[in-house]
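S.K.: I have a structure I would like to understand better, so I am pasting it below and will then ask my questions one at a time.
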Amino acid sequence: MKSVVSLAGVALIASASAAFAADAGPTVTPGPLDAPPAFPQVYTAPGPAAGPLKAPAAYGKTTIYDWTGFYLGINGGAGFGSADWSAAPLSGRANMSGGLVGGTVGYNLQTGEPWVLGVELDLDWSGFRATTPATATCVPGCQLTGPWLDTNRLRFGWAFDGMVPGGILPYVTGGVALGLLNADIVGAPFGTREQANLGWTAGAGVEFVISGGWRAKVEYLYVDLDNVNCGSACPFGPVSFHPIANVFRAGLNYRLWMN
């Protein structure tokens, strides 16, 4: 008789466990390149009984945003900085500014901890421009323009969950920057020196969930694109530039493979 009771108890416990597991849904353990559900369900324990004639609170459900997955986006903003120039025996610093707009692609990996590691690539059209004052070898002045800017960066963020409507991710970022630079005399009477320069960039930002797969971000980047000179486009004396920009951008991203 005791054996029968024991077997019945085991069967009852197994049935209850199976029912709870079915209610909670399957456990998904994604691989590093697989996107899990953006808002997985998290079950909380029931509260204490309210009284002898009242049932305890039911299991509650909360949603926690998971940042893992690929995303695409657009961004836009402006850059402000300077271009140190040298036209022997003179040198100086010219103000540089311009707008930016372009596209973004990236991937985040969150392994169940607050830390989020990501990689992000973007390519922006740029309106950067800097002009030197007129000199004896460069009349009416020399100019530097930057038609496009590309950055390839790592991102390290700390995810805060429970925010409305989803999550928020402050992050720091850094990597390489590649920019196309054009240097010439104003009006380009002798042509233009065009050069793609490899430099570096670092900055910080914050990204937050809007709804579903949509997220928005704001960020700051410091960009150093190294030196370029106008060469034969300045035949009366070469002029060299060293552009540095402070870029402020906002962006809109969409997380792929929403479940």
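S.K.: If we scan segment 123-141, do we find a residue that is under 15 Å from the mean Cα position of the chain (by Cα) and touching a residue at least 12 places away in the same chain (Cβ under 8 Å)?
M.R.: yes
S.K.: Any residue in segment 84-93 that is within 32 Å of the chain's Cα centre (by Cα), at pLDDT 65 or above and closer than 19 Å to Trp125 by Cα?
M.R.: No: segment 84-93 contains no residue that is within 32 Å of the chain's Cα centre (by Cα), at pLDDT 65 or above and closer than 19 Å to Trp125 by Cα.
Rundown of residues vs (1) farther than 26 Å from Ser240 by Cβ; (2) surrounded by 21 or more Cβ atoms within 10 Å (Cβ to Cβ), yes/no style:
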residue	(1), (2)
Tyr171	yes, yes
Gly179	no, yes
Ala183	no, yes
Gly187	no, no
Ala202	no, no
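S.K.: While we're on this one: Taking segment 209-259 as the region of interest, how many residues are touching a residue at least 40 places away in the same chain (Cβ under 8 Å), surrounded by fewer than 18 Cβ atoms within 10 Å (Cβ to Cβ) and among the aromatic types (Phe, Trp, Tyr)?
M.R.: The total comes to 5.
S.K.: Output the number of residues of segment 219-236 satisfying the condition of being hydroxyl-bearing (Ser, Thr, Tyr) and within 20 Å of the chain's Cα centre (by Cα).
M.R.: Going through segment 219-236 one residue at a time, the tally reaches 2.
S.K.: For Gly174, state whether it is closer than 20 Å to Phe70 by Cβ, in a strand (DSSP E or B) and of a type in the set (Gly, Ala, Ser).
M.R.: no
S.K.: Output the number of residues of segment 102-135 satisfying the condition of being among the aliphatic types (A, V, I, L, M) and surrounded by 20 or more Cβ atoms within 10 Å (Cβ to Cβ).
M.R.: Residues flagged as among the aliphatic types (A, V, I, L, M) and surrounded by 20 or more Cβ atoms within 10 Å (Cβ to Cβ) within segment 102-135 amount to 2.
S.K.: Restricting attention to segment 94-122, and to residues there that are modelled with pLDDT of 95 or more and of a type in the set (Asp, Glu), which single residue is farthest from the chain's Cα centre (by Cα)?
M.R.: The residue in question is Asp122.
The values are calculated or read from the model by the stated rules, or taken from the named source; none is laboratory data. Note that the coordinates shown come from a computational prediction; the quantities given were computed from them, not determined experimentally. Heads up, the Cβs are rebuilt from the backbone with ideal geometry, glycines too, and the neighbour counts pull from every protein chain shown.
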